[in-house]
Structure formats: structure tokens, C-alpha cells
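The values are calculated or read from the model by the stated rules, or taken from the named source; none is laboratory data. For clarity, every value in this text was computed on a predicted model and none was experimentally measured. Glycine also receives a Cβ, built like all others from the backbone with ideal geometry; neighbour counts cover every protein chain displayed. Surface areas here come from the heavy atoms of the whole protein model, side chains and all, with no ligands, DNA or RNA. Shrake-Rupley method; radii C 1.70, N 1.55, O 1.52, S 1.80 Å.
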Number of protein chains: 2
Amino acid sequence: MTYCVAVKLKAGLVFLSDSRTNAGLDQISTFRKMIVYEKPGDRFMCLLSAGNLSISQSVREILQVEQLADHEGGDPVTIWNARSMFDAARVLGSAVRHVFERDGEALKRAGVDFNVSMIFGGQIGSEGMRLFQVYSAGNFIEATPETPFFQIGESKYGKPVLDRVITPDTPLDEAAKCALVSMDSTLKSNLSVGLPLDLVVYEADALKTDRITCIDENNPYFRMVRNTWGQKLREVFDAIEHPVWDGSPTTVPLMGCSTRSQPLKKITNPKEKLI
Amino acid sequence: MTYCVAVKLKAGLVFLSDSRTNAGLDQISTFRKMIVYEKPGDRFMCLLSAGNLSISQSVREILQVEQLADHEGGDPVTIWNARSMFDAARVLGSAVRHVFERDGEALKRAGVDFNVSMIFGGQIGSEGMRLFQVYSAGNFIEATPETPFFQIGESKYGKPVLDRVITPDTPLDEAAKCALVSMDSTLKSNLSVGLPLDLVVYEADALKTDRITCIDENNPYFRMVRNTWGQKLREVFDAIEHPVWDGSPTTVPLMGCSTRSQPLKKITNPKEKLI
């Protein structure tokens, strides 16, 4: 599996990916899931991919040469000359469809789903930053202020902290920290996600970035985050009062509260009706 | 969906379930997923169920009368006379298979998977407590000191906190608190899990329990846990240093660390090779 997350903020974009690929538990490899496309001053784009590795690698390869007809009669549209991120996402969707045309039927015969999902975001020229999630059918959705992040792959373990922290006003470095905490929860609970990580932070309107880093088990910042988060989480957990069953007045009662629901009935013999 | 969790500790057992059932997002109902079977002084058992509601309700109904042949020629084995939790789990597995024989073929014709999963734990007589997870085929696995909890349904959101906190030595009330925090993370990130909750705490060797409570949005303890956990989590998060990109010596550097992995290469034009 894979875990990738990307966040769109007013201040910029954050992209984070792991690098574990597995075909069964006994076949685990390291493949990077992130590509940065950059023409400084003109465009910055970042692509994250999850799903079948043969499909996502093919899409990435084809994306370099993929062209869409320009409806206004100009040059064919590529990711390198697209005038908007929306057009660039259309080119990516088209690359996905080309791989489907090439491999879809043979994969189906082999009983393999055509399974790929991608996150694609960035900024082109004077247009605002945009962030897309692209599906196996080449269709895509765009992040909005209400839903400022996308996740692909093993997304559930790391979602609660994103839900709690991320808003469009979150500062860039705070969002990067949040993405790393989200990744830490995922690494802790799922073997199919693994180091090293690739982290990219893009500042709005820069049209380039030098905040790109590869994080492995020796990275001091990530080690600090992992240790601190685990330890502090435990302290917070310990600081919350335990539930007390006798409803003693000095504590927050677990029982004896008003409830509209029926208390659970015990079944005490084979003849008893359940409902 | 559903989220249920059960924990086996030296001190006892904890069971927690939500009560949301949905057939599509536009058809959401409340059904309790927990049943307590109790013959005080003789046996205490608790069943949690997830999956297709028609299947799990049928299994629960049949379980009351399900019988297995006793290989030693005695009375047929039921959950009410089984001499071990292992035998009781076999009776439950048999009930699942009976529902499969009755409904499996028709469900398959309708394109519906025979999807049910259950957690079944408790204590019978002088045997130690046991906790099982039962699958759609009626087969089951048992919790061990290395894996002292089971989850069914929407399990991923709530797994990190369990992974961090639960060991066989965790006290009962702390485990109940942990299960509630795990449920809180799940409720926060997934609409298909909902209140009220059923919580049961069983103390080792009691062979009965009165620690049974139904928790809705008015429950003061769960409200305290939700508010405190969310707020403290945020404080911990805020207290962790942000990543600093310039590697200034007063902070924990995010970049410039020794890494065996290659830094991510930027792609800067259509001709550039990806690898």
C-alpha cells in the first residue's frame, strides 16, 4: 500500500508521501510516489500516486509526452504548456485513460483491477494554486476551502489529526507538521506504509520550491515528532479522568445520565426474546 | 457501517459498540450491535456484530437455539451449557454457517456478499476469560497477550490510540477510556459510525457485570472525553516545534540530515527522464 497526503492552504501547498510498495506481504519494495515538475517562474506541479505500481509508473512516463488537442486551434496541451492546473489535470486524466486503453483489458483477463489514484496540485502563472484528486477513470475532483486536503492509499489511520487541525488558514509549516503526525499514525498502525518519506512544501505564488526533503529513520525532526507525539499523547490520555461507575459526585459520571436510549437488556436464558 | 472494539486484559474485558447502520448514505438507522448473555455465577458472554444487518440479526436469533453435537455423547452444546468459551464460539460459528446455508445463495444471486463479522468474549465457570473474532465463514481467531484487542467495522481511524495504549496490564477503566477515545476518533472522521454507544466492562472472574451503560450525546463522561481529548491533542500538537527549513542550529533540523536515500529529483522539462 501507500499513504500520500496533500494540503491546500492560503499560504501554499504541502505534499507528503511514503515509499513502500507491496505485492503481498512477502514482496515489499521501496518506490518513491512523488514527482515534482518545475519550470521556475512559470509553473510548479507535484504528483503523488497510489494503487497498482505498473499503472502509476506508466502514467508518470506517459504524462511527460501526453498531449490534448487545444480547442482554440493552438499547440496541443501538455503539462508543460497548459495555461491552468485544470488543463494540466485534464492531461493527467488523459494519460490515465491511455494506460487503461493499453493495459485495462489484459489486466482484467488476469483478474487485476485497474486501480490507480493520484493527487496532483500546483500553480501555473498568475492562476491561484489548485489541488486535484484523480481517479482510475481519469476523472478528478478539486480541493475547496471546506475540504482542503486529499489523501490516497491507507488514508484512514491518519485522517483524525488532519480533521482536527487543517483549515485553509493553517500556516504552511504547521500543516507540514500535521501531515508528518498523520503519517506517523499510519506508520504505527500499518505495515504496508514505510519510510523514507518525501516532503514538499510550496509557498503560494513562488512558482518554484526548494523545500523538498527526503525523510528516513535518521531524520532528527521526524524522530522528534514521533517521540514527542507518542509520549505527549500518552500524557494527555493519562490526564483524562478514568470513567467511574458509581456516579460519585466528585467525578464526571459515566452512568446515571439522562438518555433517550434504552439501556442494554441482558439475555439471561435461551427462551428470552432478543427484542 | 459500524465500529466495535473489545479488549482482553488481565483485569477483565471491555466491549464498546456504536449503533449506526446504513444502507447507503440516505438510509441511516440506529441498531444496537451488542448483546450480553449472562447467567450470574455461571457465565458471562458478550457479542458484538458488524456487517450485513440481516445476517447479524439472524445469527443472533439462531444463536439462542443453536446446538452442536457433543462428541462425548452428552446433551447438545449451546451457548448456555457450553463448558468453555471455545465451545461457545464454535456454537456461534455454527449459527453463522446456518444463516449462510439459508441465505447465502439468494444473497449471491442478488449480488450481495455474505458479509458478517463478530467479536465474542466472556468467561464460563472456572476457565479464564477468552475473546474471539468470528468471520463470515464461521471460523474464528482468539486474542492473545500480543494482540489483546479486536476491532470490527470501521476499525482504522480508531486503531492508532489502541496500538499506543493497550497492553494486557492496562487497568480496566483505563482500557474503557481508551476504547472511548478510539470511538471518538472514529466518530469524528466517519459519518457511518454514530451514537448511542453501548459500553460493557467485565471484571475477571465475576461471572456477571453491572457495568453496562448506554452513552448518547448527553453523557457527561463521554462529552468530557471528547472535549478534553480534542483540546489537549491540539495543545500537544501546537507544542511540537514546527519544521524549520534553514537548518538553524537552535532547532531540530528537517533538512541537511544524513540520509541513505537520494533526494527527490525535480523534473524540469518534457525531455527529462524520470528515473
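Here's a check for you: in region B:145-174, which residue that is modelled with pLDDT of 95 or more and either hydroxyl-bearing (S, T, Y) or at positive phi (or both) is least open to solvent (accessible area, probe 1.4 Å)?
Residue satisfying both the conditions and the ranking: B:T170.
Can you pull out every residue in region B:198-228 that is in a helix (DSSP H, G or I) and modelled with pLDDT of 90 or more?
Let us first name the residues in region B:198-228 that are in a helix (DSSP H, G or I), namely B:220-228.
Correct list: B:Y221, B:F222, B:R223, B:M224, B:V225, B:R226, B:N227, B:T228.
Residue check: is A:S84 of a type in the set (S, T, N, Q) and more than 22 Å from A:M1 (Cβ to Cβ)?
Here the answer is yes, as A:S84 does meet what is asked.
Consider B:A179 against the criteria (1) touching a Leu at 6+ places or on another chain (Cβ under 7 Å); (2) in a strand (DSSP E or B): it satisfies all of them except one. Which criterion is unmet?
Condition not satisfied by B:A179: (2).
Looking only at region B:200-221, filter to residues that are touching a residue at least 40 places away in the same chain (Cβ under 8 Å) and more than 8 Å from chain A (Cβ to nearest Cβ); which one of those is surrounded by the most Cβ atoms within 10 Å (Cβ to Cβ)?
Of everything passing the filter in region B:200-221, B:Y202 is surrounded by the most Cβ atoms within 10 Å (Cβ to Cβ).
Can you tell me which condition A:G111 does not meet? The list is (1) more than 10 Å from chain B (Cβ to nearest Cβ); (2) over 15 Å from the mean Cα position of the chain (by Cα); (3) open to solvent by less than 40 Å² (accessible area, probe 1.4 Å), and all the others hold.
(3)
Look through region A:32-59, keep the residues that are of a type in the set (D, E, K, R) and within 18 Å of the chain's Cα centre (by Cα), and return whichever of them is nearest to the other protein chains (Cβ to nearest Cβ).
Residue satisfying both the conditions and the ranking: A:R32.
Looking at region B:204-232 only, could you name the residues that are touching a Phe, Trp or Tyr at 6+ places or on another chain (Cβ under 7 Å) and of a type in the set (D, E, K, R)?
B:K208, B:R211
Each row is one residue, and each column tells you yes or no for (1) touching a residue at least 24 places away in the same chain (Cβ under 8 Å); (2) among the charged types (D, E, K, R).
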residue: A:K10; (1), (2): yes, yes
residue: A:V14; (1), (2): yes, no
residue: A:Q27; (1), (2): no, no
residue: A:V36; (1), (2): yes, no
residue: A:P40; (1), (2): yes, no
residue: A:S49; (1), (2): yes, no
residue: A:L53; (1), (2): yes, no
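Given the conditions (1) of a type in the set (G, A, S); (2) buried (at least 23 other Cβ atoms within 10 Å of the Cβ); (3) touching a strand residue (DSSP E or B) at 6+ places or on another chain (Cβ under 7 Å), and given that B:S185 satisfies all but one, which numbered condition is not satisfied?
That leaves (3) as the condition not met.
Considering region B:174-185 alone, what residues qualify as being in contact (Cβ under 8 Å) with a residue 12 or more places away in the chain and within 8 Å of another protein chain (Cβ to nearest Cβ)?
B:A176, B:K177, B:C178, B:L180, B:V181, B:S185
Please find, among B:P148, B:P160, B:P196, B:P171, the residue that is closer than 12 Å to B:V7 by Cα and at the interface with another protein chain (Cβ under 10 Å from one of its Cβ atoms). Don't jump to the end; show me each part of the working.
Details: B:P148 fails: at the interface with another protein chain (Cβ under 10 Å from one of its Cβ atoms); B:P160 fails: closer than 12 Å to B:V7 by Cα; B:P196 fails: closer than 12 Å to B:V7 by Cα.
B:P171 is the lone residue from the list that is closer than 12 Å to B:V7 by Cα and at the interface with another protein chain (Cβ under 10 Å from one of its Cβ atoms).
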